[in-house]
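The values are calculated or read from the model by the stated rules, or taken from the named source; none is laboratory data. Predicted, not measured: the structure shown is a model, and the values here were computed from it. As a convention, Cβ positions derive from the backbone with ideal geometry for all residues, glycine included, and neighbour counts pool all protein chains shown. Remember, those area values only see protein heavy atoms, side chains included, never the ligands or the DNA or RNA. Shrake-Rupley method; radii C 1.70, N 1.55, O 1.52, S 1.80 Å.
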Amino acid sequence: MPPAVDAIEELHGIDAAALPPELLQPTRPYVLRGLAAHWPLTQAGASAQAGAAYLKQFASDAPVTVSVAPPQADGRIDYRPDLLGFGFAQQKAPLAAVLDALLHHADDPAPPTIYVGSTTIDTWLPGLRERNDLGFGAVQPLASIWIGNRTRIPAHQDVPDNIACVVAGRRRVTLFPPGQLRNLYIGPLDRTPAGQAVSLVDFAAPDYDRHPDFAEAMRHARVAELGPGDAVLIPSMWWHHMQALESYNVLVNYWWRQSPRWMDTPMNALLHAIMSVRDLPPAQREIWREAFRHYVFDADAQTSAHIPETMRGALAPLDEARARELRARLLQGLNR
């Protein structure tokens, strides 16, 4: 018997044209019921045929990347069981052709998996956001569209904050706090299905003998089912498993970071630390643990107060120019 899970807290009546500032600096997830229900895209999506026709009005001729898997994959965009490759292939096709394929297989009892993930709206669907958009104020998010049939995307996390709006079909989202990393059995960091490391647990059939600590992760899980117009707010680095439940599903999402664009992604720092710190002798690793604590995690005004301002270099508050200097220095060291 799988452990019980909690529902994600819900908010109603949020103004989609002007999102409250507190939602743009989230620390916990929310379901935002009806946030995008007024969009013409959502209203058209009540019918797969009408929803596809609406999207085709904006679709450019540029091909999109399509992930395709055989029926036995049961919608899972993931590794093969032996982890030596992926259980799907990627192709290029115009978006209109992908939509036609989804409609063609809509009534198949066991269709092939068809999945278009993270496709930039302004590039492939120019003009769509003029009447189908959220109001972020000064924040400038990256808006993407996700299209497919009954797909299952393994649990993963993203550095940006995220609002994901269901505009056709239904989705079940399962969220975990960042601290459940150890219990989710995350796969490789550098060979991934779609750029982010993913949980190796099959949520449809968890193997508790192979992944016993997943039961503990599920005790911290938060789950919601989203219908057309509903959205989920996923804070930075929260693990999320996304399952599309119908033969035609469309989702629009927005990513943004609460840090300047010139700041590097922490994932690069993690990979660099694996390369240069992880395999040191234990005593040396403990020395560097203290250095990271002092200079990174517990850094404050006192960290460099004893150094003249003109000599603080990397210890001074970062701006775009200093970040560029640090990046150049790192590249010089990595390319030695």
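Brief remarks follow.
- Any hit, the range 82-91, residues being open to solvent by 50 Å² or more (accessible area, probe 1.4 Å), farther than 13 Å from residue 67 by Cα and free of Cβ contacts under 8 Å to residues at least 12 places away in the same chain: yes
- Selection from the range 262-305 of residues that are polar (S, T, N, Q) and open to solvent by less than 90 Å² (accessible area, probe 1.4 Å): 265, 268, 276, 284, 303, 304
- Of all residues in the range 316-330 being hydrophobic (A, V, I, L, M, F, W, C) and either more than 16 Å from residue 263 (Cβ to Cβ) or not in a helix (DSSP H, G or I) (or both), the one that is least open to solvent (accessible area, probe 1.4 Å): 316
- Each residue in the range 131-156 was checked for being open to solvent by 20 Å² or more (accessible area, probe 1.4 Å) and touching a helix residue (DSSP H, G or I) at 6+ places or on another chain (Cβ under 6 Å), and 2 of them qualify.
- Unmet requirement for residue 259, which otherwise passes all of (1) outside any helix (DSSP H, G or I); (2) open to solvent by 60 Å² or more (accessible area, probe 1.4 Å); (3) under 29 Å from residue 176 (Cα atoms): (2)
- Set 12, 38: member being at pLDDT 95 or above and surrounded by fewer than 12 Cβ atoms within 10 Å (Cβ to Cβ): 12
- Test for residue 106: is it over 30 Å from residue 260 (Cα atoms) and over 20 Å from the mean Cα position of the chain (by Cα): yes
- Residues satisfying the stated conditions in the range 106-125, i.e. closer than 15 Å to residue 51 by Cβ and surrounded by fewer than 17 Cβ atoms within 10 Å (Cβ to Cβ): 106
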